[in-house]
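All of the numbers you see were taken from the coordinates with simple rules; none came from a lab. Please read all numbers here as calculations on a predicted model, not as lab measurements. We place every Cβ from the backbone using ideal geometry, glycine too, and count neighbours over all the protein chains shown.
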Amino acid sequence: MRRLIAICYTFTVLNYTNLIMSHSNKVIHSIETSDGSRCVDVFQRPDATFGFEEFRRDTEDFRGWFSVGNHSNTIFKSETAALTEARGRVPWINNIVEW
């Protein structure tokens, strides 16, 4: 799991989506599809609030991860609340994570 977090976050920063995933946000969960085409990062902001964002990448395109969900500005008071909302807004997560 830690390896996936580093990979997803690194590509996010390299693709200039750092407005969405600030350098100061800490990714605490990274959920990726088995084919590596989709990823959801759950993160904690410096103000101790939480959020999440959905990303995609094309395996033949080496530019990395691209934000597709527009969820990162939603603020949650807890990690659990962010994960629960991600589950509702990003349906494919339910096929990967057991709740």
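In table form, for the structure just shown:
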| read-out | value |
| --- | --- |
| Least to most buried among Phe52, Phe66, Phe76, Phe43 (fewest other Cβ within 10 Å first) | Phe66, Phe76, Phe43, Phe52 |
| Cleavage-rule hits (GluC sites (Glu not before Pro)) in the range 68-99: DSSP loop, at most 12 neighbouring Cβ within 10 angstrom | Glu98 |
| Exposure proxy ranking, count of Cβ atoms within 10 Å, fewest first, for Asp58, Asp47, Asp41 | Asp47, Asp58, Asp41 |
| Translational D in µm²/s for the range 28-98 (Stokes-Einstein at 10 °C, 1.306 mPa s, Kirkwood Rh from C-alpha pairs) | 128 |
